[in-house]
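The structure appears below as structure tokens.
The values are calculated or read from the model by the stated rules, or taken from the named source; none is laboratory data. All figures in this text were calculated on a predicted structure; none of them were measured in a lab. FYI the Cβ positions are ideal-geometry reconstructions off the backbone, even for glycines, and counts take in every protein chain you see. For accessibility, only protein heavy atoms count, side chains too; no ligands or nucleic acids. Shrake-Rupley method; radii C 1.70, N 1.55, O 1.52, S 1.80 Å.
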Amino acid sequence: MSENLVIVESPAKAKTIKKYLGADFEVLASYGHVRDLIEKEGAVDPERDFAMRYQLIERNRPRVDAIERALRKAQALYLATDPDREGEAISWHLTEILRERGALDGRAVRRVRFYEITRDAVRAAVANSEGLNENLVNAQQARRALDYLVGFNLSPLLWKKIKPGLSAGRVQSVALRLICEREEEIGRFVRQEYWTIEADAARNGTQFPARLTEYRGERFETDTQKGRFSITGEAGARAAERTILAAAAGQLTVVAVERKPRRRNPPPPFTTSTLQQEAARKLGCTARRTMQAAQRLYEAGFITYMRTDSLSLSQDAVAGIRETIRATWGERALSEGINVYRTRAKNAQEAHEAIRPTAAALTPQRAEHDIHDAEQRRLYALIWRRAVACQMAAAVFDTVAVDLRAGPEPATPADRHLFRASGQTLLEPGFLAAYHEDHDEDETDLESEEEQRLPALATGDVVTLAALRPEQHFTQPPPRYTEASLVKSLESHGIGRPSTYASIIETLRFRKYAEMNGRAFEPTDIGKIVNGFLVRYFETYVDYGFTALMEDSLDEISNGEKQWRPELARFWKPFVRQVRHIGATVTREQVALSREVGHDPATGKPVSVRMGQYGPFVQLGSRDDPDKPKFASLLPGQRMDEVTLDGALRLLSLPRALGHAPDGTPVSVGRGQYGPYVKFGSKFVSLGADDPFSLTLARALEVVAARQQADRERTLRDFPEAGIQVLKGRWGPYITDRKRNARVPKDQDPATLTLAQCQELLAAAPERKGRFGRRRTAPSAAAARAPAKPTPPAAAARKTKAPVALKSAAAGRKKKAAAPRRTRKSGD
């Protein structure tokens, strides 16, 4: 057995490191976190100085047991988890577990930190191992406790005041606020019309465009940022067109030529945040997919550690990159000196290097043979090109700006009309030979890299005015956040850590607080209501500045400048007071953002749209009326703010009587939990794609007839007096009495079964179980074939008690769909 035991987080990383350390080292993986807070109330106890109660993560118990067995045969333990706050915590938790089991007795425990998985880096880290960094551990515990206290107190309050299954988080809720506030900006936006005028000029057979910059001696305004426009209607544009054409008489005169070089410097190497942004723009990857692919590239030894705020590169890395540039593009492509970058991100932690390839000589073309996953290959190429570009020369453009006057020199300035034509030529590509950076659509101040050539022009030259083109435009609202722009905004505000952005964005989608409209986030109704509740009643805790200050405090804890328990106490006392106050004083009606859309013409009762425990619905009447209000759920995809009086009355028109079948059976149409249906007497038939609001009696009878025919074809034998049927099933014929199901023997013709044979087979079959192992209650044969009868959303909401604030979230989670699998990084 090896004398030294090394612990890493993933088996892929363990396999790579094992090759570098040799036979004296055994390398095992912890598979991420080994323990976490208990899933019940009291996991963090503010009354006991924020004591934290942990439990072993059950799925990792076999891993911990294997580590313990291996350690008992070794002399030293090397903890080589990731070199950040989270990795330090994993090492600490594992050490605590092994100490409790008595497995550390007499054995050296060392912390190993490396930022790239190469032979030299790993061996050097082992040789220079240290002790655990308690400040990093304390910072991680503070972050985990903070997230627990926020989530496990705010989330139950959301369940009580809005609907079950919701959640709030220290950073998640601030990200939601950004998305919702941008949507509010879009809603308030008033579109403005404006016009531009462009000229098509020609010289020696070369045509080029020029835009109007001065009209009647004054600056021609088209500033969409400040809302300044010289012409805001077609009449003004046509009048200007006539004036300029008359003055120009078919010619433009060059009055000034300005030529100068323009340099564009290369972008810095990637940090976690900028990698997520650029991968979203260039590769269409979500933040989660980007981090997963980067994690695998790191573990396989292709790139450096991918969770970093640093823009610095080691001297060896810079030397390797510059040598690769020299070999690939020549000496001219190199920057004159080493390009050094400093981060501008708020709360940046520059503990190690930027993200870069571990070997610059491994070009994307060469790496294709070793990286088998297509997405990982594309991401490696992106990282490689960005890292190489950062040490290349600036791109140099030759730019020229030409001012052209309409016609001869006017007698007065008020008759002067000027156009400007701009062109640029790429003289030295520099870093553009390796990399082109993408940008978000709201970054309008960036200079173009596209070439635009102009013919040779000099002052006094006359060019032909081939055409004049007035063009109508409208101002555009601010764009919705994409993953790239949301990550950029969170980072610029100093909110959260880039390593947690992927899980935060995933939670917003999973909770259905926001949906993707193309590649942009659009808040849902429930997202808007949750945000409105938090902003109104917990404004301090979703304030951008407050959240950034909390990040500052966590950073100061990790640097040893602050103690973590006093910081938690400073946060907790006012926070819990507010939670209890809002829980006791705010009603559901105050939170639900109900909106009256008008009055029913037939009854005069108010019609409103509101959010219930089971989703948004419209309501006719109020609970103060003598008659019970009428309810109808919104259609799938329908938004609360889109509902009008006519739309609400249409929803409330169901169920609707259609008439009677030829045999006198009443027929109606309605909407239920599983969609629209036709009710035929006491039977329900799913409607499918037909529109229930325009369905006719004739079509309803066709749907019923088709269902009856399908039932007849499915039923092989029917014994109605005993409630037993022989049916066709997905896996063959079977017998059922709605309590038990029994297979038909293979050698038995199901059509010849007798009642006695069916009863005998059913008696030997086990009783059917429902979800969670509960015994089913047997419905009638007719009821079993029918869809569930619809339940009015508000009535259902009144029958269900909401969870009590400040109770454990664990109990609620057992009744809900499982959340996205937790990544190694805590979710904020």
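Key figures for this structure:
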| item | result |
| --- | --- |
| Projected label distance in nm at A239 and K628, using a 7 Å step from Cα toward the beta-carbon | 6.6 nm |
| Over the stretch 47-193, relative contact order from alpha-carbon pairs under 8 Å, at least 6 apart, % | 18 percent |
| Size-normalised alpha-carbon gyration radius of the stretch 262-336, reference 2.2 N^0.38 Å | 1.27 |
| Debye, to nearest 20: dipole size of the chain, +1 on Lys, Arg Cβ, -1 on Asp, Glu Cβ | 4120 debye |
| Cα centroid separation - the stretch 399-429 against the stretch 498-569, whole Å | 50 Å |
| Mean ellipticity per residue at 222 nm, deg cm²/dmol - from DSSP H runs of n ≥ 4 across the chain, formula -39500 (n - 2.57) | -11500 deg cm²/dmol |
| Percent breakdown of C-alpha pair distances by 10 Å bin, ordered from the shortest bin, for the stretch 1-80 | 18, 39, 24, 15, 5, 0 |
| Residue (of L104, S173, N135) at the positive-pole extreme of the stretch 95-193, dipole from beta-carbon charges | L104 |
| Accessible surface of T482 - all protein chains present, 1.4 Å probe, nearest 10 Å² | 40 Å² |
| Residue-level accessible surface for E702, protein heavy atoms, 1.4 Å, Å² | 110 Å² |
| Full-extension gain in nm, T118 to I186, via 0.36 nm per residue minus C-alpha separation | 19.5 nm |
| Computed E for Y341/R99 - FRET, C-beta separation, R0 56 angstrom, nearest 0.05 | 0.85 |
| Ranked packing of 133-139, 229-235, most packed first, by mean Cβ within 10 Å | 133-139, 229-235 |
| Candidate aspartates and glutamates - alpha carbon under 17 Å from K739, same-chain residues fewer than 8 apart omitted | D718, E721, E760, E767 |
| Unsatisfied cross-links (Cα-Cα over 22 Å) in the set K13/K488; K13/K282; K605/K630; K282/K528; K605/K628 | K13/K488; K13/K282; K282/K528 |
| Heavy-atom SASA rank of H436, H33 (probe 1.4 Å, accessible area, largest first) | H436, H33 |
| E642 versus D24: modelled label distance in nm, points set 7 Å from Cα along the beta carbon direction | 6.8 nm |
| R0 of 60 Å, Cβ-Cβ distance A467-E331: FRET efficiency to nearest 0.05 | 0.80 |
| Projected label distance in nm at R650 and L549, using a 7 Å step from Cα toward the beta-carbon | 5.0 nm |
| At most 12 other Cβ within 10 Å, DSSP loop - trypsin sites (Lys or Arg not before Pro), the stretch 197-266 | K226 |
| Whole-Å semi-axes of the ellipsoid equivalent to the chain (Cα gyration tensor, √5λ, descending) | 55, 47, 28 |
| Pairwise Cα inverse-distance average, inverted: Kirkwood Rh of the stretch 1-143 (Å) | 15.6 Å |
| Antiparallel DSSP beta bridges within the chain, percent to nearest 5 | 90 percent |
| Whole-number percent relative contact order across the chain, with pairs defined as alpha carbons under 8 Å at least 6 apart | 15 percent |
| Stokes-Einstein D (µm²/s) once Rh is taken as the Kirkwood radius of the stretch 176-246 over alpha-carbon pairs, at 20 °C in 1.002 mPa s | 144 µm²/s |
